[in-house]
1. What residue, among those in the range 157-214 that are without any contact (Cβ under 8 Å) to a residue 24 or more places away in the chain and of a type outside the set (A, V, I, L, M, F, W, C), is farthest from Gly232 (Cα to Cα)?
2. Please go through the range 12-60 and give me each residue that is part of a strand (DSSP E or B) and closer than 18 Å to Arg206 by Cα, ordered by number.
3. Return the pair list, or none, for Cβ contacts closer than 9 Å from residues in the range 48-59 that are free of Cβ contacts under 8 Å to residues at least 12 places away in the same chain to residues that are surrounded by fewer than 22 Cβ atoms within 10 Å (Cβ to Cβ) and not in a loop (DSSP other than H, G, I, E, B), at least 6 apart or on different chains.
4. Does at least one position in the range 205-218 carry a residue that is under 21 Å from Asn27 (Cβ atoms), in a helix (DSSP H, G or I) and either out of contact with any His (no Cβ under 7 Å at 6 or more places or on another chain) or not assigned by TED's automatic domain parsing to the domain that holds Gly40 (or both)?
5. Filter the range 191-232 down to the residues that are touching a helix residue (DSSP H, G or I) at 6+ places or on another chain (Cβ under 6 Å) and small (Gly, Ala, Ser), then identify the one that is farthest from Glu181 (Cα to Cα).
6. So which residues in the range 118-140 are buried (at least 16 other Cβ atoms within 10 Å of the Cβ) and either in contact with a Ser or Thr (Cβ under 9 Å, 6 or more places away or on another chain) or not in a helix (DSSP H, G or I) (or both), if there are any at all?
7. Could you list, in sequence order, all residues of the range 155-185 that are touching a Lys or Arg at 6+ places or on another chain (Cβ under 9 Å), at pLDDT 95 or above and in a loop (DSSP other than H, G, I, E, B)?
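The values are calculated or read from the model by the stated rules, or taken from the named source; none is laboratory data. Not measured: the values here are computed from a predicted model. Cβ sites come from the backbone with ideal geometry, for glycine too, and all protein chains shown count toward neighbours.
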Amino acid sequence: MAKPGEFLLVEDMTAGYGGLPIIREINIALRAGDILGLLGANGSGKSTLIKAVTGQIRPMRGNIHIAGVDLAMAPERAKANFGLAIDGFDLPAPLTGKQYLSLVASIRGCHNDEWPCGDVIERLSLTKWMNRQIAEYSLGTRAKISIAAALLGSPALLIFDESLNGLDPVVAWEVKTMLSELAATRKHAIIISTHVVETVPTVCNRAMFLADGLIVQNWDREQLKEASRAPGSFENCVIQALKKFGLPRIVA
């Protein structure tokens, strides 16, 4: 059972496809203000974990609560409490950016300019793209509109799956600044799944490393600070973890 202030609780979860478990015995508890960096090699289970947390696949075992709501018992209520930045290639290409945000707003029951941290469209340099079709967007612009959609309506749990990929340095810095601002309000918890290892100690207060579908290493706030004491030291920790646990035998 989720405790007050827990925006995500995952208990003893196993999930996969066609009866084959991809991730196993996953336990996560995120409280208000947490930013979790999710790390692991390709095929380690990160995407499967996010699909299970967001209700895209049903866990084989275990429980998921989002902002105190049981995902299995009340899926619509639970899903209303998270914002997911979807893959840019999954965005509806015929729609304009403005139309897409209006669609997301209608689903969430909020206004299409209901932002948690100022004017997100301006902060992400999206203004000139809003009336153009998503089909015309570059990879970076698609990532920006996906991030904006995740933030729309100010959901309690924010999830970014490789969403910083393709962003130019200025926008990437702006996104990291926004996430830090949101965490500081203690009205949100955030998951950042990324291969950009250097992002984690600068933005996150927690991190976990997946290998072969299992959480094999965790870092709390103090451990992240210690691991990042010298330039490149956290990256070295992650590289050593990759070497130690090897390549995954399953694909997710």
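1. Thr177
2. Within the range 12-60, the subset part of a strand (DSSP E or B) is 12-17, 20-31, 35-40.
Residues satisfying the conditions are Ile26, Asn27, Ile28, Ala29, Leu30, Arg31, Ile35, Leu36, Gly37, Leu38, Leu39, Gly40.
3. Sorted first by the residue in the range 48-59, then by its partner, the pairs are Gln56/Ile50.
4. The first filter runs over the range 205-218 and keeps only residues under 21 Å from Asn27 (Cβ atoms), leaving 205-218.
Still in the list and also in a helix (DSSP H, G or I): none.
Taking every residue of the range 205-218 in turn, none turns out to be under 21 Å from Asn27 (Cβ atoms), in a helix (DSSP H, G or I) and either out of contact with any His (no Cβ under 7 Å at 6 or more places or on another chain) or not assigned by TED's automatic domain parsing to the domain that holds Gly40 (or both).
5. Ala211
6. Passing the criteria: Ile121, Arg123, Leu124, Leu126, Trp129, Ile134, Tyr137.
7. Of everything in the range 155-185, those that are touching a Lys or Arg at 6+ places or on another chain (Cβ under 9 Å), at pLDDT 95 or above and in a loop (DSSP other than H, G, I, E, B) turn out to be Pro155, Ala156.
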